[in-house]
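The values are calculated or read from the model by the stated rules, or taken from the named source; none is laboratory data. Model, not experiment: these values are computed from the prediction. Here the Cβ positions follow ideal geometry from the backbone for every residue, glycine too, while neighbour counts run over all protein chains shown.
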Amino acid sequence: MDVLVIGRNCLDYIAVVEKLPAEDEKAPLTFRLVEGGGQGGTAACCVARLQGRVALIGKIGGDEEGALCLDRLDAFGVDTRFVEIVEGGRTPVAYLFVTRKSGSRTIIYEPSQLPKIELAREHLATLSTAQTVLLDPETTYLAAIVKKNAGPKTRIIYDCERWKQGIEQMMRLADYFIPSAAFLESASLGYGHMDFCQKVLQLKKEIKGQLIVTRGKEGAFYPHNGSLYRVPAPKVPAIDTIGAGDNFHGAFALAVSLGFDLHRAVRFAVATASLSCGGYGGRQGLPNKTQALAVTAQIKEEIVCTPR
C-alpha cells in the first residue's frame, strides 16, 4: 500500500452562486451538484487519481448518503474494504457555497455523530506495511496507536485543521505535521505578536518532525536546513477551491511514499492542489499523475527567510 488514509467521509451538497447574499437576503443559484467529501475521503480519491495504491479507514452511515459516498470512492479506485457501514447511523453532510467568479467557498458542515474510528487487528496489519499513513483532523486521538503499530519505514502525515485535544502528542509523533496558515493564529500557540515567518519558525521548534504550512494562493512554506522555503502556487485556471487542502495532503503522502525529496514532494502537492481547483467539488478537477508532474517541473521553490 502506498498510502493508508484514516479519516472522515461525508456527502457535499454544492451550490454555485454569482454572489453570496447578506444575512436575511437571497440570491439565485447558478447550478448545483452532489459529490463525496470529507478530508479523508477526498485525499484518498486524490491518491488514487494519481495512480497510487490507497486504502481508506473510516465510517459511513447505512443510509442513501453513505451509499453515494461509497460509490464515489469506488469510482476513483480507492480500496474501501476498511470503510465501515454503521447500520442505523447517519452519514454527515456539508453544504458548500462557491462564488463563481473567485472560486472561494463557504462551508457549513455537520459534525459526525458516527462512532469514533477505532483500529482493529486487520487495520493494524495494513498499517504496518503502508509506505505512508495520512491522518485527517478527526483522528488526532489515534496518534499513539498509529505510531506504535506503524512499520519501521512507514511515515506518518497529519492534516492539521485546528487546535484540539491530543494535538500536542501528534506534534511529537508525526513525521510530517501539515497545518494551514490559520492554525498559526490559534490562541493556544500564543504567536499573536509575530509575523508569519516567525510563526512558522517558532512552530517548527515545537514539533519533532517536518513542518509544512499551506497558505492558499500563496502556496506552501516549510523550514529546511535553517531556511524557510516557499513553493508558490502555479498560475492555473481555478474555479473552485473546495478540496484543495485535502488534495495537497493526499498528493504529498503519495510523493513521500514514492521517495520524492522534500522539495519535490511539496512542489508535487502544490501542483496537484492547484490543478484540482479547475473543477467543482474537490474531485472533478483532480489531475492525473502525468499532468501533476508536468506542472511540478515548472515550479521552483524559493528561500523567503534565513534567520541569523
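For segment 1-48, filtered to residues that are acidic (D, E) and surrounded by 13 or more Cβ atoms within 10 Å (Cβ to Cβ), the residue that is nearest to V146 (Cα to Cα) is D2. Looking across segment 100-122, the residues that are more than 23 Å from I145 (Cβ to Cβ), in contact with a strand residue (DSSP E or B) (Cβ under 6 Å, 6 or more places away or on another chain) and not basic (K, R) come down to T106, I107, I108, Y109, E110. L293 meets the conditions (1) more than 19 Å from A181 (Cβ to Cβ); (2) aliphatic (A, V, I, L, M); (3) under 18 Å from the mean Cα position of the chain (by Cα) in every case but one. The failed one is (3). Restricting K164, K205, K153 to those that are touching a helix residue (DSSP H, G or I) at 6+ places or on another chain (Cβ under 9 Å) and among the basic types (K, R) reduces the list to K164.
When A75, A48, A67, A15 are screened for being out of contact with any Asp or Glu (no Cβ under 9 Å at 6 or more places or on another chain), modelled with pLDDT of 95 or more and closer than 22 Å to C277 by Cβ, only A75 passes.
Scanning segment 220-234 for residues that are farther than 17 Å from F248 by Cβ and either surrounded by fewer than 20 Cβ atoms within 10 Å (Cβ to Cβ) or of a type outside the set (A, V, I, L, M) (or both) returns P223, H224, N225, G226, S227. All conditions but one from (1) in a loop (DSSP other than H, G, I, E, B); (2) at pLDDT below 95 apply to K217; the one that does not is (1).
Apart from one condition, L286 fits all of (1) farther than 20 Å from L134 by Cα; (2) assigned to a loop (DSSP other than H, G, I, E, B); the exception is (1).
Does segment 72-95 contain at least one residue that is outside any loop (DSSP other than H, G, I, E, B), of a type in the set (S, T, N, Q) and either touching a residue at least 60 places away in the same chain (Cβ under 8 Å) or within 20 Å of N247 (Cβ to Cβ) (or both)?
Among the residues of segment 72-95, not one is outside any loop (DSSP other than H, G, I, E, B), of a type in the set (S, T, N, Q) and either touching a residue at least 60 places away in the same chain (Cβ under 8 Å) or within 20 Å of N247 (Cβ to Cβ) (or both), which makes the answer no.
Applying the condition of being of a type in the set (S, T, Y) and either assigned to a loop (DSSP other than H, G, I, E, B) or within 16 Å of L73 (Cβ to Cβ) (or both) to segment 96-116 and asking which residue is modelled with the highest pLDDT yields S112.
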